[in-house]
Amino acid sequence: MTRTKKIFIGLLAFLPLIASAVFLIFFFTSFFPEIVKMDHEHGDVTPEFFFSNMMGFIACVIALIFVQLGLMIYFIIHAMNNKRVKNEERIIWVLVFIFASTIGFPIYWGIRIWPEEKPESNFVKM
């Protein structure tokens with residue numbers, strides 16, 4: 001795998017983690033105060049008014065869901081086809097990708113994708 005491809009996959013691996021942090025910051029700095037303000041000023045807020053202000057946020061979350069699903073498929077396939085990963089370890093990686101994908105993608109990338117493959121030694125193994 002080329003270095004450029006490894007860097008691109010690394011950026012994608014860290015994307016859900018960074019986006020989640022950005023979404024939480026956005027929620028607590030913009031979205032949450034708006035809810036409190038609408039509740040105090042307008043009383044009963046219509047769903048159209050509420051969701052019209054949040055369409056950009058919702059679209060970004062939906063896009064992130066599709067990116068995360070695609071990354072999960074890619075990393076599961078990569079873990080299954082990677083010859084350097086033992087059979088027992090493959091099962092663990094698949095479970096990590098399913099249950100803790102946001103944290104598992106960068107960890108797998110750092111352990112299994114980014115390091116260069118070491119050539120086999122010429123010495124006989126005993």
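The values are calculated or read from the model by the stated rules, or taken from the named source; none is laboratory data. What you see is a predicted model; the values in this text were computed from it and never measured. Counting neighbours? That spans all protein chains shown, and the Cβs are built from the backbone with ideal geometry, glycine included.
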Residues within region 74-102 that are closer than 19 Å to residue 20 by Cβ, in a helix (DSSP H, G or I) and out of contact with any Gly (no Cβ under 9 Å at 6 or more places or on another chain), tallied: 4
Answer yes if at least one residue in region 32-39 is under 11 Å from the mean Cα position of the chain (by Cα) and part of a helix (DSSP H, G or I), and no otherwise. no
Test: residue in region 1-16 that is at pLDDT 80 or above, exposed (fewer than 10 other Cβ atoms within 10 Å of the Cβ) and hydroxyl-bearing (Ser, Thr, Tyr): yes
Please verify whether region 54-70 includes one or more residues that are surrounded by 14 or more Cβ atoms within 10 Å (Cβ to Cβ), at pLDDT below 80, assigned to a helix (DSSP H, G or I) and not aromatic (Phe, Trp, Tyr). no
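Residue by residue, here is whether (1) of a type outside the set (Phe, Trp, Tyr); (2) touching a residue at least 40 places away in the same chain (Cβ under 8 Å) holds:
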{"position": "10", "(1), (2)": "yes, yes"}
{"position": "14", "(1), (2)": "no, yes"}
{"position": "20", "(1), (2)": "yes, yes"}
{"position": "51", "(1), (2)": "no, no"}
{"position": "105", "(1), (2)": "no, yes"}
{"position": "111", "(1), (2)": "yes, no"}
